[in-house]
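The values are calculated or read from the model by the stated rules, or taken from the named source; none is laboratory data. Keep in mind it's a predicted model, so treat the numbers as computed, not measured. In this analysis, Cβ positions are derived from the backbone assuming ideal geometry, glycine residues included, and neighbour counts consider all displayed protein chains. SASA here: full protein model, heavy atoms, side chains in, ligands and nucleic acids out. Shrake-Rupley method; radii C 1.70, N 1.55, O 1.52, S 1.80 Å.
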Amino acid sequence: MRKTLGIMAGAALGVTFAGSLAVAATVRVTVAEYSSKTGPYFEAAAAAFEAANPGTDIQIEVVPWDVLLQKLTTDISAGTNADLAIIGTRWLVDFVEEGIAAPLDEYMDDAFRSRFFEVFLSPSVMNGETYGLPIAASARAMYYNRDLLEQAGFDAPPDTWEELAKTAAAVSALGEEVYGYGLQGKEIETDVYFYYAFWAYGGDLIEADGTSGLDTEAAYAAARLYKSMIDAGSTQPGVTAYTREDVQNLFKQGRVGMMITAPFLSAQIKEEAPGLPYGVARIPAGPGGERGTYGVTDSIIMFENSQNKDLAWKFLDMIFTTEWRARFTEGEGFLPVNKEVAAMPAFAENPDLKVFTALLPEARFAPVIRGWEEIAAITVNALQAIYLGEAGVEEALDGAAAKIDRVLGK
Amino acid sequence: MRRSSPLVPYLLVLPGFLLAAFIILWPLVQLGTIALSEVNRFGQLRGFAGLANFAAILEDPEFLAALWRTVIWTVGIVFGALLLSFPVALVLHQDFYGRGLARVIVMLPWAISITMTAIVWRWALNGESGLLNSGLRTLGLLDTNIQWLAQATTAFPVQILIGILVTVPFTVTIFLGGLSSIPEDLYEAATLEGASAFQAFREITFPLMLPFLNIAVVLNTIYVFNSFPIIWATTQGGPANSTDILVTYLYKLGFAYGKLGEASALSLIMFALLLMFTLLYVRLTARRGEDVA
């Protein structure tokens with residue numbers, strides 16, 4: 001009798017144990033909050049996945065962009081990171097070199113691979129292995145205010161930086177509260193706002209010899225152009241007080257003639273300033289005809305220490321299907337990374353998006369180097385000193401290049 | 001009466017000490033370990049580094065600049081708040097109609113998180129669409145918009161002013177507590193002896209308030225020295241690091257540049273600076289207290 005009881009108890013224990021195992025099929029996902037739609041989107045995806053795969057639990061952690069890297073750092077150092085996480089692809093090299101991101105090739109077949117545009121998948125490939133999938137993709141183009149440009153006597157947006165400077169001066173001359181070129185001088189992507197001109201003048205962030213390209217004629221010319229526009233009043237005053245969002249706000253208020261930013265401004269204008277007569281054009285070319293837009297992808301990675309890699313992959317597989325990608329891409333105002341999504345009418349027939357996708361062949365991505373964030377900060381500091389007139393163009397850029405070379409180990 | 005064992009006081013202190021040790025000493029040990037190690041971007045230790053992290057901090061020109069700015073920031077806010085809070089507390093201590101409401105209004109900013117306050121200020125300080133410029137223009141005090149956050153010469157003083165504003169409620173609370181601890185009969189006696197209001201303030205209120213002034217100085221210094229949200233929300237220490245104080249510089253080192261070893265070293269340096277200040281200040285004021293007694 002006692003024996004049977006013992007067996008029964010053991011069986012009961014076994015059942016509970018098995019039950020808890022089934023529930024324990026948990027995948028935690030850290031996602032960046034791109035907009036108020038991000039959280040609900042991933043919650044919906046998790047719910048759909050759990051419904052299709054009973055006994056699984058997808059936990060979504062939504063983190064604001066500004067603190068994403070901080071959260072990942074603290075989680076990883078404490079060993080409490082999630083199974084999947086969205087990261088800026090420019091950070092990926094650190095994740096790969098420290099063995100934190102898991103290679104995904106064993107899960108990917110050719111059919112899966114062919115869902116993506118190669119240009120967006122390739123930034124996540126390192127040493128021949130794929131470490132991330134492009135969850136968000138974006139490029140930059142020039143927005144211009146048709147009314148302001150027309151009033152200033154220009155029928156078409158400028159196609160070179162020289163024309164842009166002239167157009168900006170003419171627009172600024174229209175009135176006291178109107179500025180020609182919205183120039184970003186603060187916080188994230190202040191460096192990129194300079195690279196648009198820098199690339200057009202033929203510059204490269206990292207030279208062929210592996211050193212910084214900031215101490216070259218191209219960088220001097222681009223910085224002189226921006227500084228002369230600031231001094232001439234062709235930009236909004238006090239550029240170092242303006243983040244990208246601040247400049248976008250001026251543009252939405254119809255107070256800035258031209259600015260360069262991402263596709264999401266189109267979506268914002270549609271909602272907040274539907275009457276604004278704007279157009280989207282290529283980023284102007286330099287004297288040699290070169291031009292470059294900034295391409296950005298964010299990747300979703302799988303952690304090497306994940307206990308549920310197969311299940312995590314299954315979830316990834318689902319959110320990269322056409323249906324879920326279309327929902328995400330349209331909600332957030334990103335560029336489609338799936339070919340089938342891009343072919344959908346909502347994307348293929350959107351005139352603004354067309355301009356952006358046409359720019360992709362000339363898109364430049366942040367170089368795959370360690371310490372990218374520090375290099376960006378050094379560049380921003382030098383630019384702010386130039387914009388404020390606290391340092392000369394050559395002096396500031398040479399100093400920044402020397403510091404960057406030290407970060408690069410050159 | 002039976003004398004209790006000399007161990008008893010220590011035993012009684014022990015639980016509190018253990019709790020404090022868990023909260024303070026354990027992280028300190030962790031920080032020390034990281035500061036003496038080679039650390040990768042994700043805080044994983046990769047070997048012993050000796051004092052290399054400390055040396056890197058001390059060699060960084062940004063460190064000295066940020067340290068100097070931290071001194072200005074702390075002294076400016078702590079003494080600004082003292083100067084503003086003392087009269088406010090004296091007024092609020094008087095019995096007048098609507099005192100309850102006045103106290104609530106002075107205390108109200110305390111109920112809002114500093115980050116929220118700082119973000120509201122960031123909007124108010126916006127050069128083109130900010131409330132401050134439009135208010136000043138309406139009053140006729142300004143002809144052209146000032147871009148408050150575009151350069152340190154305007155941004156840093158404004159940040160210190162915001163710091164003073166958010167420090168006042170706490171300081172007033174300390175002072176009100178101090179004022180109510182002064183017995184009324186001292187003033188009655190002084191009035192009988194023919195003392196003027198100013199004499200009463202100088203001979204009674206001020207000396208008896210000294211301990212509370214000291215508490216306000218020490219606590220505010222600790223809070224303000226480590227205060228992150230105001231500067232981060234308005235300028236992130238920019239432009240060109242010109243409004244960085246040690247904490248914002250620390251945050252950049254640790255979480256933007258991924259130099260967790262140097263960041264740990266810096267936070268230990270900051271801890272040591274604060275500890276030294278507090279010990280020194282308490283020592284000085286305690287000695288002065290003995291002299292007076």
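Of the cross-linked pairs A:Lys37/A:Lys186; A:Lys71/A:Lys252; A:Lys227/B:Lys252; A:Lys403/B:Lys252; A:Lys71/B:Lys259; A:Lys37/A:Lys252, which ones have a Cα-Cα span greater than 23 Å in the structure shown?
On the way: A:Lys37/A:Lys186 26 Å; A:Lys71/A:Lys252 33 Å; A:Lys227/B:Lys252 27 Å; A:Lys403/B:Lys252 16 Å; A:Lys71/B:Lys259 15 Å; A:Lys37/A:Lys252 21 Å.
With Cα atoms farther than 23 Å apart: A:Lys37/A:Lys186; A:Lys71/A:Lys252; A:Lys227/B:Lys252.
Let me check I've understood the local charge: for B:Asn241, count other residues with C-beta under 10 angstrom from its C-beta, Lys and Arg +1, Asp and Glu -1. What total comes out? Working shown, then result.
Values: positive: B:Arg69, B:Lys252; negative: B:Glu62, B:Asp244.
Value of the local net charge: 0.
Using θ = phi - 60° and the Karplus form 6.51 cos²θ - 1.76 cosθ + 1.60, what ³J(HN,Hα) does each residue of the range B:33-40 get, whole Hz, x for Gly and Pro?
Going residue by residue, I get 4, 5, 5, 9, 10, 7, 10, 8 Hz, with x marking Gly and Pro.
Suppose each label sits 7 Å from its Cα in the direction of the beta carbon; what would the A:Glu129-A:Ile206 distance come out to in nanometres?
Modelled inter-label distance: 2.0 nm.
Where in the range A:175-206 is the amide nitrogen less than 18 Å from a point lying 7 Å along the Cα-to-Cβ axis of B:Thr144?
A:175-183
³J(HN,Hα) across the range A:363-368 via Karplus (A = 6.51, B = -1.76, C = 1.60, θ = phi - 60°), whole Hz, x for Gly/Pro?
Values, residue by residue: 6, 10, 9, 4, x, 7 Hz.
Would you mind working out the magnitude of the charge dipole of the protein assembly as shown relative to its Cα centre, with +1 at each Lys and Arg C-beta and -1 at each Asp and Glu C-beta, to the nearest 20 Debye?
Charge dipole of the protein assembly as shown: 2040 debye, to the nearest 20.
Can you give the angle from 0 to 90° between the axis of helix A:65-78 and the longest principal axis of chain A, with both taken from C-alpha atoms, to the nearest 10?
40
With the dipole of the protein assembly as shown worked out from charges on the C-beta (+1 for Lys and Arg, -1 for Asp and Glu) around the Cα centre, which of B:Gly177, A:Ala232, B:Ala190 lies farthest toward the positive end?
Result: B:Ala190.
Over the range B:116-167, what is the mean sequence separation of C-alpha contacts under 8 Å (at least six apart), divided by residue count, expressed as relative contact order in percent? Don't skip to the answer; put the middle values down first.
Values: 38 pairs, mean separation 13.1, N = 52.
It rounds to 25 percent for the range B:116-167.
Per-residue HN-Hα couplings for the range A:215-231, Karplus 6.51 cos²θ - 1.76 cosθ + 1.60 at θ = phi - 60°, whole Hz, x for Gly and Pro?
Rounded to whole hertz, the list is 9, 10, 4, 4, 5, 4, 4, 5, 5, 4, 4, 4, 5, 5, 5, 4, 5.
Placing +1 on the Cβ of each Lys and Arg and -1 on the Cβ of each Asp and Glu in the protein assembly as shown, which of B:Thr70, A:Thr329, A:Pro158 has its Cα farthest towards the positive end of the resulting dipole?
Of the listed residues, the answer is B:Thr70.
Magnitude of the Cβ-charge dipole of chain B, K/R +1 and D/E -1, about the Cα centre, nearest 20 debye? Write down the numbers at each step before the final one.
On the way: 15 positive and 16 negative charges, 136 e Å.
I would put it at about 660 debye.
Run the numbers on chain A and let me know its relative contact order in percent, using alpha-carbon pairs under 8 Å that are six or more apart.
On the way: 676 pairs, mean separation 97.4, N = 410.
Contact order relative to length: 24 percent.
What is the set of long-range amide H partners of B:Glu38 at a cut-off below 5 Å, with H atoms built 1.01 Å from backbone N?
B:Arg46, B:Gly47, B:Phe48, B:Ala49
In Å², nearest 100, what accessible area do chains A and B bury in total when the solvent probe is 1.4 Å? Walk me through the numbers before you get to the answer.
Values: alone 17780 and 17780 Å², together 32990 Å².
Using a 1.4 Å probe, the pair buries roughly 2600 Å².
Please sort A:180-190, A:335-345 by packing, taking for each peptide the average over its residues of neighbouring beta carbons within 10 angstrom, highest first.
Details: A:180-190: 24.5, A:335-345: 18.1.
Highest mean packing first, the order is A:180-190, A:335-345.
Accessible area per residue, 1.4 Å probe, Å², for chain A: what's the number? Write out the running numbers ahead of the final one.
On the way: 16540 Å² over 410 residues.
I get 40 Å² per residue for chain A.
Rounded, prolate or oblate, given the Cα gyration tensor of the protein assembly as shown, with a/c below 1.5 counting as rounded?
Values: a/c = 1.91, a/b = 1.23, b/c = 1.54.
Oblate, since a/c reaches 1.5 and b/c is not below a/b.
Using protein chains only (no ligands, no nucleic acids) and a 1.4 Å probe, work out which residues of the range B:144-188 have their accessible area cut by at least 10 Å² relative to the chain alone.
Listed in order, they are B:Gln147, B:Leu149, B:Ala150, B:Gln151.
Expressed in nm to one decimal, what extension gain is obtained for the pair B:Phe79 and B:Leu67 from 0.36 nm per residue of sequence separation less their Cα-Cα distance?
Net length gain for the segment: 2.5 nm.
Round to the nearest 10 and give me the degree value, 0 to 90, for the angle of helix A:161-172's Cα axis relative to the longest principal axis of chain A.
80
Considering only protein heavy atoms, what per residue accessible area in square angstrom results for the range B:53-292 with a 1.4 angstrom probe?
Values: 12180 Å² over 240 residues.
Averaged over the residues of the range B:53-292, the accessible area is 51 Å².
For every helix of n ≥ 4 consecutive DSSP H residues, a contribution of -39,500 (n - 2.57) applies; sum these over chain A, divide by its total residues, and give [θ] at 222 nm rounded to the nearest 500 deg cm²/dmol. Mind showing how you got there, number by number?
Details: 19 runs with 200 residues, N = 410.
-14500 deg cm²/dmol, from helical runs alone.
Mind running the shape call on the range B:53-292? Use the C-alpha gyration tensor, a ≥ b ≥ c as the square roots of the eigenvalues: rounded below 1.5 for a/c, prolate if a/b tops b/c, oblate otherwise.
Here the range B:53-292 falls in the oblate category.
Relative contact order of chain B: what whole-number percent is it, with Cα pairs under 8 angstrom and at least 6 residues apart? Before the final figure, lay out the partial values.
Details: 280 pairs, mean separation 85.1, N = 293.
Across chain B, relative contact order equals 29 percent.
About the Cα centre of chain A, what is the dipole size in debye to 20, counting +1 per Lys and Arg Cβ and -1 per Asp and Glu Cβ, all else neutral?
Details: 31 positive and 57 negative charges, 198 e Å.
The calculation lands at about 940 debye.
Relative to the longest principal Cα axis of chain A, at what angle does helix A:190-200 sit, 0 to 90 degrees, rounded to 10?
60
When Lys and Arg each count +1 and Asp and Glu each count -1, what net charge do the other residues less than 11 Å away from A:Val355, Cβ to Cβ, add up to? Mind showing how you got there, number by number?
Working: positive: A:Arg140, A:Arg282, A:Lys354; negative: A:Asp352.
Charge balance in the 11 Å sphere: +2.
Taking amide hydrogens as modeled 1.01 Å from N in the peptide plane, which residues meet the under 5 Å criterion relative to A:Gly257, leaving out close sequence neighbours?
Answer set, sorted by chain and number: A:Tyr179, A:Gly180, A:Tyr181, A:Gly182.
Could you tell me which of rounded, prolate or oblate describes chain A, using a ≥ b ≥ c as the square roots of the eigenvalues of the alpha-carbon gyration tensor, with rounded for a/c under 1.5 and, failing that, prolate when a/b is larger than b/c and oblate otherwise? List each step's numbers first, then the result.
Numbers: a/c = 2.53, a/b = 1.88, b/c = 1.35.
Prolate, since a/c reaches 1.5 and a/b exceeds b/c.
For the residue pair A:Glu390 and B:Ala55, what label-to-label distance in nm results when each label sits 7 Å from Cα along the Cα-to-beta-carbon direction?
Each label point is offset 7 Å from its Cα along the Cβ direction, giving 2.9 nm.
Roughly speaking, to the nearest percent, how much of the protein assembly as shown's 1.4 Å accessible area is carbon and sulfur?
On the way: 20850 of 32990 Å².
In the protein assembly as shown, the share of accessible area belonging to carbon and sulfur is 63 percent.
Skipping prolines and chain starts, which residues have an amide H placed within reach, meaning under 5 Å, of the one on A:Phe365, given they are 5 or more residues away or on another chain?
A:Gly295
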